[in-house]
Amino acid sequence: MTTDYEVRLLELQLADIKRQIAYHEGALQDLWMQLMELRARVTAARRQIMGEDGDQ
């Protein structure tokens, strides 16, 4: 039979796992935003090199 202590320990472990998931989701969102910004910069640089922006 499971004791109250064991249940509390499992609840604490579950809370820790949820906290870790939330942290990693935030980090992934930050990386996704950085990726999108970098893609936009690469696209702009390619257009500039090819003269598509009219600056050349």
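Structure notes:
- Selected residue (only one of Ile49, Ile21 is out of contact with any Cys (no Cβ under 6 Å at 6 or more places or on another chain) and at pLDDT below 95): Ile49
- Enumeration of residues in region 43-56 that are surrounded by fewer than 10 Cβ atoms within 10 Å (Cβ to Cβ) and part of a helix (DSSP H, G or I): Met50
The values are calculated or read from the model by the stated rules, or taken from the named source; none is laboratory data. Just so we're clear, the structure is a prediction, and the values are computed from it rather than from any experiment. Note that each Cβ is placed from the backbone with ideal geometry, even for glycine, and that neighbours are counted across all protein chains shown.
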